[in-house]
Each structure stands twice: as structure tokens, then as C-alpha cells.
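These notes concern the structure reproduced below.
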Amino acid sequence: MGAGSEAGKPATDTDAPQHRPAPNIPQFTRDEDLHAYREMLLIRRFEEKAGQLYGMGLIGGFCHLYIGQEAVVVGVQMAGEDGDQNITGYRDHGHMLACGMDAKGVMAELTGRRGGYSRGKGGSMHMFSREKQFFGGHGIVGAQVALGTGLAFADAYLKNGKVSFTYMGDGAANQGQVYESFNMAALWKLPVVYIVENNRYAMGTSVARASAQTDFSKRGLSFGIPGEQVDGMDVRTVREAAARAIQHARSGEGPYILEMQTYRYRGHSMSDPAKYRSKDEVSKMRDEHDPIEMVRKRLIEAHGVPEADLKGIDAKVREIVNESADFATHDAEPDPSELWTDILLEARA
Amino acid sequence: MATDILMPALSPTMEEGKLAKWLKKEGDAVKAGDVLAEIETDKATMEVEAIDEGVLAKILVPDGTENVAVNTPIAIIAEEGEDVSAAAASGGKGKPNGADGGAPAPTPDMDAEGMTEKPSATAKSGEDAPKATAAPAVITNKAPAPVMEEFPADSPMVTTTVREALRDAMAEEMRKDDKVFVMGEEVAEYQGAYKITQGLLQEFGARRVVDTPITEHGFAGIGVGAAFMGLKPIVEFMTFNFAMQAIDHIINSAAKTLYMSGGQLGCPIVFRGPNGAAARVGAQHSHDYAAWYSNVPGLKVIAPYTASDAKGLLKAAIRDPNPVIFLENEILYGQSFPVPQIEDLVLPIGKARIHRPGTDVTLVSFSIGMTYALKAAQILSEQGIEAEVIDLRTIRPMDSATVVESVKKTGRCVCVEEGFPQSGVGAEIVARLMVDAFDYLDAPVLRVTGKDVPMPYAANLEKLALPSVAEVVEAAKSVCYK
């Protein structure tokens with residue numbers, strides 16, 4: 001701990017994951033790439049807008065942006081089926097959009113308005129949609145892992161054939177309850193896919209400085225949980241690995257761990273100047289491994305999609321995001337009476 | 001020299017048990033470690049082992065004898081070469097086993113959590129009672145019949161322990177609703193660390209009676225996640241002390257999510273288990289958390305005293321669509337109360353009950369605190385002071401209206417609880433009375449609480465740390481200016 005290890009291991013992340021291309025990268029059809037492009041772009045533009053609104057003082061408190069990690073949630077969603085549950089930590093806007101939640105409702109929650117998913121009472125980290133099977137949005141690091149395992153417990157109990165996609169960051173992966181959950185999920189063969197979004201920094205602490213075992217796919221080994229490291233910047237590899245993991249979980253084989261090697265371009269939260277890493281590191285990742293640019297390039301070069309078509313998608317996405325921002329800035333704040341609602345449910349007679 | 005074998009205690013609080021079976025017969029040679037007999041309580045079976053060589057000269061308590069008091073001589077062992085018949089004739093007056101004499105049979109080496117038994121309030125309160133009174137020296141296992149206005153007066157009553165009442169409540173709700181299941185440490189195969197889940201595995205199977213690893217934080221979170229999906233988990237903590245490992249999920253995940261989701265995501269879950277002091281289990285196993293959980297919006301907190309309240313309120317808790325903290329008490333588990341045999345005994349959460357009507361002073365308590373309050377009321381009555389004893393039953397939402405109405409009548413109030421004084425349940429009652437009954441009070445409201453110290457282990461210190469009947473009597477007389 002402390003100075004000794006820091007001195008011995010500089011925080012420059014020399015052992016950062018290499019974004020090596022997998023030997024056999026699965027190919028997407030034109031429509032799949034178009035779908036992934038649109039979904040990821042929506043998250044990117046939405047988060048950029050959220051950053052702007054935060055800067056304008058319209059979003060308060062904490063605001064953790066997902067920019068750079070879009071391929072993870074979009075790829076996993078492409079492998080799932082309706083009714084599968086999703087749960088994640090506090091960097092959750094992307095997951096909500098990928099689950100099909102309405103951008104207006106998400107943005108209005110960020111601004112604390114009555115049209116927000118939680119009617120303005122949850123905020124950035126606490127949004128839910130029963131309809132879209134999105135179970136939050138949790139502000140306590142690691143708590144969602146036990147909760148997500150509980151969703152899978154219910155799936156097994158109800159024999160409904162569904163799978164719980166339980167996301168966590170590389171930081172959350174060091175919480176004790178993660179391993180309590182792994183143990184029970186493996187013991188009871190629960191249908192849960194644990195997705196470790198390794199963006200290389202737990203707030204400001206690099207993986208190398210926080211983790212004795214930096215290969216998160218191995219974190220379930222002592223429970224017999226299979227895992228794999230995945231290039232989380234390539235939506236195709238994400239979807240392929242997720243499909244394998246989901247098949248494993250859905251067929252009754254128990255949990256599966258996917259370490260998604262990804263990167264967040266922005267700071268941990270809006271107030272983070274990100275001085276723990278170099279600008280070069282960030283720009284190198286953006287230039288060479290941007291998940292959206294990779295798809296865009298492929299659409300043009302491999303699928304022959306005209307630039308004009310992509311611009312059309314861009315315009316549509318911008319329109320959705322602008323509408324959401326417009327709604328979120330003009331919608332009314334919650335009625336003061338809302339202070340006293342939703343504390344307890346009425347017991348049925 | 002002949003040695004008496006004494007009835008052993010399975011735990012520090014056990015007072016009596018059944019001598020189930022002798023495994024040796026008179027005249028048999030025995031050596032150290034031989035199992036002589038099996039004894040039973042309603043929770044456990046234990047073997048009595050010989051600790052010396054010799055011959056089983058005489059069996060003093062035959063197979064199947066119930067209610068054998070701890071330390072009763074149950075057999076005589078003759079030393080090798082000793083005249084067996086002469087030893088037997090000593091008639092249980094031989095040296096007690098344990099060659100040094102005097103010491104009771106060693107407590108079998110078992111997990112104290114699973115083994116504590118019978119009311120320990122007995123010794124604690126009896127000696128505290130003022131000598132001048134004619135009060136019985138002990139609180140008997142049969143508590144005085146409570147006032148039960150919630151049932152038809154002619155309801156048939158069956159004497160039931162709190163333990164059985166809790167089990168019946170869970171079993172009835174599990175029969176009604178497949179979404180109800182129970183999970184926790186030792187709830188299934190072991191039949192419950194305190195035997196509250198006895199028989200549930202046999203009736204409902206392993207899908208619905210789920211043994212967990214020792215992993216409170218994890219299984220509390222899993223329970224909450226399952227509740228988000230619409231299941232109705234009953235999460236048993238072996239004690240609420242261990243729920244400290246899980247309190248993040250109880251507070252941050254279970255209690256707050258409905259609000260944070262704008263009403264979308266309810267959490268119909270019951271967290272239950274023994275709470276507060278048992279007997280001689282030290283500071284880490286003796287904490288009363290009633291005040292802690294009662295501080296949290298989004299939770300309901302129940303702490304029953306009688307078996308019928310335990311049953312009716314647990315059934316209500318299981319049906320409630322909100323997270324409910326159900327605080328039981330280990331010492332009350334073995335106590336018997338009349339329980340009405342009516343179909344579907346469900347009681348309202350958030351309603352206090354006047355357990356004993358009175359006119360001169362209001363005593364407010366809950367859970368095991370009621371034993372002090374009721375005993376004190378009896379002593380006060382003998383001294384001409386009629387105390388009204390209110391059992392809060394639910395700590396949150398707190399039925400202060402019932403307390404206020406009583407105080408309007410009596411003008412005086414004493415709050416009794418085993419928890420710590422600062423920010424305790426009594427402190428809350430005092431604050432509410434200041435606002436809602438200020439003009440009716442004839443004296444400051446007093447609190448009798450556990451002392452402001454971690455629970456000590458030593459028997460004498462533990463007794464001092466807990467409230468006593470004498471303290472309640474004194475406080476009540478003080479507010480009556482007597």
C-alpha cells in the first residue's frame with residue numbers, strides 16, 4: 001500500500017490492456033452496423049449534451065458520463081432478448097438509452113423535472129424503468145452486483161428463461177459483496193452475466209494501483225465462473241462475447257463474467273479534471289479506438305453507405321437529443337407535494 | 001466416592017429440559033467420553049457424556065422425564081472398585097460431577113447463538129424487585145394474558161410460543177403465495193439457528209427455503225433484487241447484529257428505491273431475526289437496533305412482544321408491499337402466550353396495543369421491554385399505583401396517538417426499552433409527547449433504557465447494563481411524585 005507500491009509501480013499504466021484485434025472478428029451486417037452506429041451515437045450525443053447542461057447549471061449534483069464506453073452496452077443489448085434485466089452503477093445514462101428508455105425522460109430526470117423517469121426524485125444515478133427492465137442506476141459502488149444477482153435469483157425461481165445483465169466498473173469489482181454474489185450465483189447456477197466495464201480508472205485510481213489481479217475475467221475463477229476479456233471498444237466483439245455468455249447463463253449453466261476493456265474519455269464525474277492520466281493517452285484512444293468512428297468507417301468503406309445517409313442519422317440523433325434537452329429545461333419541477341409521495345406503498349386490503 | 005451426574009445446561013439461559021433417553025443402563029461400566037443420555041429442549045438435542053471412568057450406579061431421572069431443572073442430579077457414577085450399591089444408596093448426595101465439586105456440568109461446546117434458551121429476564125428482574133413487595137421472584141414462562149381487543153372475545157385460545165407463532169405465520173403465508181420464500185443462514189437443513197423455520201424445508205422444499213452461505217451483505221442484496229422482481233423474500237438474519245454487514249442494502253437499496261424510482265420499484269421484503277440482548281453473549285451480539293431502523297423513511301419496523309402479535313404482525317409484514325424490519329427477541333422465543341385460533345390472524349402494522357389498562361401512569365414499551373413494564377405494573381399496583389402499559393408493537397410508523405391518549409388520562413409517562421438512551425425509541429416518544437401532550441403532562445417523561453455502555457459479558461455487569469424492574473418502578477413512582 002501507499003507510497004512504496006506507487007513508487008514501485010508508476011501510474012502510467014504500462015500494463016494497460018492492449019486493444020489487439022481479435023483473430024476472428026465477427027462481422028456485422030450492414031443493418032447491424034447501422035443499428036449499432038445509431039445507438040452509440042445517441043448515447044454519445046446525449047452525454048455531450050448532458051455535459052453542456054451540467055456546465056450551464058441545469059444538472060446538479062453528480063453526473064458521470066459514458067462517453068467512450070458506448071460499444072459495451074450497445075453490443076450487450078444486441079445480444080439480449082426482451083425481458084432480460086439490466087442493472088448498473090452510477091454511470092448509467094448509456095444503459096438507459098440502450099434499454100430503450102426515452103431520452104426526454106432521462107434528460108428531464110437529470111435536470112430534476114417532473115417528467116423525469118423518477119419524477120425528479122432520483123437524479124442521474126437513480127433511474128429505473130420497469131417497462132424496459134432497467135433496474136437502476138445505483139449510487140453505492142458494487143451494490144448493484146448483489147441486486148443484479150437477486151434479479152437472476154428471481155428469474156431462476158420463476159423459471160422465466162430470462163437473464164440478468166449486471167454491470168459494474170473495474171472499481172466496483174473490488175467490493176466484497178461482488179464475491180459474495182459470485183459465490184451464490186455459481187452455487188445456485190443463477191442466470192446472470194456479470195459485465196465488468198474496465199475503463200482503467202476507478203475514479204482517479206488506475207487498475208494497476210487498485211487491483212492485485214488486473215485480469216477481471218479471472219475474478220470468478222475460484223468460484224468456477226468462466227470469464228473472458230473482450231475488446232470493449234469494438235461493438236462486434238462485445239456482441240459476440242455477450243451472446244456466448246448469455247447462452248451459457250440462459251441454458252442453466254450459471255453465471256459468466258465478461259471483462260469489457262474500454263475507456264472513458266471524460267473524467268470520472270463532471271468535477272474531475274482527470275490529472276491522473278495524460279492527454280496523449282486519451283487522444284490516442286479517441287483517434288485509434290473510438291467505437292463509433294470504427295463503425296462509421298466500416299459503414300462507408302465496407303458496407304458502402306453514403307456519407308449523406310450517415311449525416312442523416314447524425315441529424316436525427318441530434319434532433320432527439322435537442323428535444324430531450326429542450327424538454328428537460330422547460331418541464332416543470334416536481335410539485336412540492338411530491339416530497340411526501342412514494343415513501344411507502346399502500347398495503348392492499 | 002460416588003459422583004452425581006447433573007442435568008447440564010445447553011446454554012447460559014436454559015433452565016430445564018427433557019431427559020429424552022438413557023443410552024447406558026444401571027450397572028454399565030463407563031469411561032470418559034461415553035454418551036450416557038440424550039436431553040432435549042424444544043430447540044435442540046444434546047448428549048450427556050461421562051467425564052470420568054466408573055460404573056453407572058443409579059439412574060435418578062428416568063427416560064422421558066420432562067422439565068428436569070438444570071443441575072438436578074440425574075444419575076450416580078460409582079468409582080472403579082467402589083461398592084456400587086452403596087454409591088447408589090447415597091441417593092444423589094454424592095459429589096457433583098466435575099471432580100472439583102460445585103461447578104455445574106460443563107456447557108456442551110455448542111454455538112451459543114443456536115442454544116440460548118428460556119427467559120433470562122428471570123434472574124435479572126427478580127432480585128431487583130423491592131423486597132417489601134410480595135411480587136413473585138421470577139417472571140414465569142407464562143406471561144399474563146394480554147388485552148386483545150382485536151379478536152372476538154369468544155375466540156378459542158391456544159397456548160403458543162413466540163417461536164411457533166413466527167413459524168406458523170411464515171408457513172401460512174407460504175401456503176397462500178408461491179412468491180413468498182425464506183432465505184438465510186441455517187434456515188433449511190438445520191431447521192433454523194433458533195428453530196424458527198422448523199419444518200419449513202420439509203413442507204416447502206429447497207426452492208422456497210433457501211440456505212445461504214454466511215454472507216449477509218450478499219444475500220440481503222440478492223433478497224432485495226428478488227423483491228424488485230416481485231418476489232416476497234423473508235430474509236432471516238441469525239441475529240440483527242449480523243445485519244450490520246447488510247445494512248447498506250436494507251437502507252440504501254430496500255428503503256430508498258421506491259422513492260428514487262418515482263414510485264416504480266417497490267420492495268416487498270421482510271428482514272427478520274432476533275434483536276437485542278440475549279444472555280451473556282457480549283457487546284457484539286447484544287445490540288438493540290430498533291432505534292436505528294426506526295430512523296429511516298421507507299422502512300416499517302415491528303418489534304412484537306406476545307405470540308399473537310408476533311404471528312399477526314409477521315403475516316401482515318409478509319403481505320406488506322414495503323420493506324419491513326421485523327425485530328424478534330431471543331429470550332421471548334420460548335415464552336408462551338394465548339394465540340386466538342382464528343382463520344388468518346393478521347394484525348394492523350402501526351397500531352399500539354394497551355396491554356394493561358391503568359389510570360395513574362403510562363408505561364410505554366415494546367418487545368422484551370414489556371416484561372419489565374408489566375412486572376413493574378404489577379408491583380406498582382400492589383403499592384396503589386395503576387399503570388397503563390402500552391405495547392408499541394410497531395416502532396415505525398409509531399402509533400403516538402395511542403400513547404398521547406393514554407397520557408391525557410394519566411398525565412405521566414415512563415418509556416422502557418433495552419436499547420441505548422441517546423436517540424432511542426424513548427427519546428422519540430418524549431419528543432412527541434412534548435409536542436402533542438405538553439399541556440397534559442404532570443411530570444417530566446422519564447426513560448428507563450439499557451445503559452450507555454457496550455454490553456458487558458460478566459453476569460453481574462450485564463444485569464446492571466440492562467434495564468430492571470426496580471428502575472421502572474422507581475421511575476414510575478418518581479413521575480407520580482411518590
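The values are calculated or read from the model by the stated rules, or taken from the named source; none is laboratory data. In this text, all values refer to a predicted model and were calculated from it rather than measured experimentally. Cβ atoms come from the backbone with ideal geometry, glycine included; neighbour counts cover every protein chain shown. Note: accessible area is taken over every heavy atom of the protein model, side chains too, but ligands, DNA and RNA are not part of it. Shrake-Rupley method; radii C 1.70, N 1.55, O 1.52, S 1.80 Å.
Points to keep in mind about this one:
- Matching residues, segment A:186-219, being within 21 Å of the chain's Cα centre (by Cα) and within 14 Å of another protein chain (Cβ to nearest Cβ): A:PRO191, A:VAL192, A:TYR194
- Test result for B:ARG272, in a strand (DSSP E or B), in the same structural domain as B:ILE331 (by TED's automatic domain parsing) and within 23 Å of the chain's Cα centre (by Cα): yes
- When segment A:290-343 is filtered for residues that are within 14 Å of chain B (Cβ to nearest Cβ) and touching a helix residue (DSSP H, G or I) at 6+ places or on another chain (Cβ under 7 Å), the ones remaining, listed by number, are A:ASP331, A:ASP342, A:ILE343.
- Within segment B:334-347, the residues that satisfy the criterion of being more than 19 Å from the chain's Cα centre (by Cα) and either touching a residue at least 60 places away in the same chain (Cβ under 8 Å) or farther than 30 Å from A:ASP342 by Cβ (or both) are B:PRO340, B:GLN341, B:ILE342, B:GLU343, B:ASP344, B:LEU345, B:LEU347.
- Selection within segment B:295-333: residues that are open to solvent by less than 10 Å² (accessible area, probe 1.4 Å) and among the acidic types (Asp, Glu). The member of this set that is farthest from the chain's Cα centre (by Cα) is B:ASP320.
- Of the helices (runs of 4 or more DSSP H) contained entirely in segment A:253-336, those carrying at least 1 residues that are among the basic types (Lys, Arg) and within 30 Å of A:THR205 (Cβ to Cβ) fall at A:279-289.
- A:GLY137 passes every criterion in (1) under 22 Å from B:ALA227 (Cβ atoms); (2) open to solvent by 20 Å² or more (accessible area, probe 1.4 Å) apart from (2).
- Any chance B:ALA431 is in contact with a Leu (Cβ under 6 Å, 6 or more places away or on another chain) and of a type in the set (Gly, Ala, Ser): no
- The residue that is modelled with the lowest pLDDT, among those in segment A:263-300 that are aliphatic (A, V, I, L, M) and in contact with a Leu (Cβ under 8 Å, 6 or more places away or on another chain), is A:MET270.
- B:GLY350 meets all of the listed conditions (1) in contact (Cβ under 8 Å) with a residue 60 or more places away in the chain; (2) in a loop (DSSP other than H, G, I, E, B) but one, namely (1).
- Counting only strands (runs of 3 or more DSSP E) that sit completely within segment B:370-482, those holding 1 or more residues that are without any contact (Cβ under 8 Å) to a residue 60 or more places away in the chain correspond to B:387-391, B:413-416, B:446-448.
- All conditions in (1) within 33 Å of the chain's Cα centre (by Cα); (2) open to solvent by less than 80 Å² (accessible area, probe 1.4 Å); (3) at pLDDT below 75 hold for B:GLY91, with the sole exception of (1).
- Selected residue [surrounded by 14 or more Cβ atoms within 10 Å (Cβ to Cβ) and among the polar types (S, T, N, Q)] from A:SER324, A:SER278, A:SER337, A:SER283: A:SER324
- Residues of segment B:176-198 classified as free of Cβ contacts under 8 Å to residues at least 12 places away in the same chain, among the basic types (Lys, Arg) and touching a helix residue (DSSP H, G or I) at 6+ places or on another chain (Cβ under 8 Å), total: 0
- Taken together, A:ARG91, A:ARG130, A:ARG113 contain a single residue that is at the interface with chain B (Cβ under 7 Å from one of its Cβ atoms) and open to solvent by 10 Å² or more (accessible area, probe 1.4 Å), which is A:ARG130.
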